[in-house]
Amino acid sequence: MGPTPEPAPSTPLVLVHGLFDTPRVFDTLRRRLAGRRSPLLVPHLPHALGSVPLEDLAAMLGSHIEAAFGAEQPVDVMGFSMGGVIGRTWIQLGCGYRRTRRFLSVASPQRGTLAAVPWPRLALAGIADMKPGSDLLRRLDRDIEPLRHIDCCSFYCPTDLTVFPGWEAVLPVGPCKPLPVFWHNLLMAEPGSLDPVVAELLRP
């Protein structure tokens with residue numbers, strides 16, 4: 001009888017935080033995963049209070065991924081809030097689709113949020129990128145073919161007032177699932193929100 005083969009390594013998981021967040025926003029999620037998604041990368045993307053354009057943050061994300069896993073290792077990506085648009089920007093415009101296996105968008109303004117409308121691009125370019133109909137969002141919607149080759153899933157909060165209206169916080173491809181919490185800042189903390197997200201992250 002030959003030696004027992006080593007288990008195949010799991011696909012690395014990359015978690016992307018949102019506006020006014022740091023990697024600590026995922027602390028509860030990481031505890032819930034309990035090492036079942038490893039290796040795990042949770043980079044810090046300094047957004048300077050929303051003044052850094054999302055394409056620049058997507059480029060930073062790509063640099064972190066390449067530094068951690070090389071140029072070709074497939075990855076799974078989950079973005080929370082603004083992080084979902086950053087992840088999508090890297091996938092579609094930064095050629096991340098070539099190595100992304102699965103993409104989860106959690107309460108991310110993929111179709112924009114009315115909360116971003118009052119803020120001028122000159123001062124807060126990153127926030128302005130999240131306005132409905134922004135140049136960035138139009139470019140992403142213009143060619144969604146890269147997303148069609150990825151296992152995509154969107155989670156949204158119907159009563160979200162940060163990404164508003166909440167039901168617009170979905171990708172143009174893949175299933176969309178509501179989360180049973182009332183406020184945006186509970187999405188990465190409440191069991192009712194984390195249970196379905198963890199289940200999706202652990203799905204084979």
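The values are calculated or read from the model by the stated rules, or taken from the named source; none is laboratory data. Everything quoted here is computed from the prediction, not taken from an experiment. So basically every Cβ, Gly included, is an ideal-geometry build from the backbone, and we count neighbours across all protein chains shown.
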List the number of the failed condition for residue 97; all other conditions in (1) surrounded by 21 or more Cβ atoms within 10 Å (Cβ to Cβ); (2) of a type in the set (Phe, Trp, Tyr); (3) under 11 Å from residue 150 (Cα atoms) hold.
(1)
Would region 104-114 turn up any residue that is more than 24 Å from residue 22 (Cα to Cα) and either part of a helix (DSSP H, G or I) or in contact (Cβ under 8 Å) with a residue 12 or more places away in the chain (or both)?
no
Lone qualifier among 14, 52, 25 - being at pLDDT 95 or above and within 22 Å of residue 97 (Cα to Cα)
14
When you go through (1) surrounded by fewer than 23 Cβ atoms within 10 Å (Cβ to Cβ); (2) of a type in the set (Val, Ile, Thr); (3) within 25 Å of residue 198 (Cβ to Cβ) one by one for residue 144, which number turns out not to apply?
(3)
Can you tell me which residue in region 43-90 is surrounded by the most Cβ atoms within 10 Å (Cβ to Cβ), limited to those that are among the aromatic types (Phe, Trp, Tyr) and more than 19 Å from residue 139 (Cβ to Cβ)?
80
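Got a sec? Which of 126, 133 is of a type in the set (Gly, Ala, Ser) and in a helix (DSSP H, G or I)? Please lay out each step first, then the result.
Working: 133 fails: in a helix (DSSP H, G or I).
Among 126, 133, only 126 is of a type in the set (Gly, Ala, Ser) and in a helix (DSSP H, G or I).
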Starting from region 149-173, keep only residues that are free of Cβ contacts under 8 Å to residues at least 24 places away in the same chain, then list their pairs with residues that are assigned to a loop (DSSP other than H, G, I, E, B) whose Cβ atoms are within a distance under 6 Å, requiring at least 6 positions of separation or different chains.
167/158
Please enumerate the residues belonging to region 161-189 that are out of contact with any helix residue (DSSP H, G or I) (no Cβ under 9 Å at 6 or more places or on another chain), surrounded by fewer than 19 Cβ atoms within 10 Å (Cβ to Cβ) and not in a helix (DSSP H, G or I).
175, 182, 183
Subset of region 146-204 (residues that are among the β-branched types (Val, Ile, Thr) and out of contact with any Leu (no Cβ under 8 Å at 6 or more places or on another chain)):
150, 159, 162, 163, 170
Restricting attention to region 159-204, report how many residues are farther than 15 Å from residue 105 by Cβ and touching a Gly at 6+ places or on another chain (Cβ under 8 Å).
3
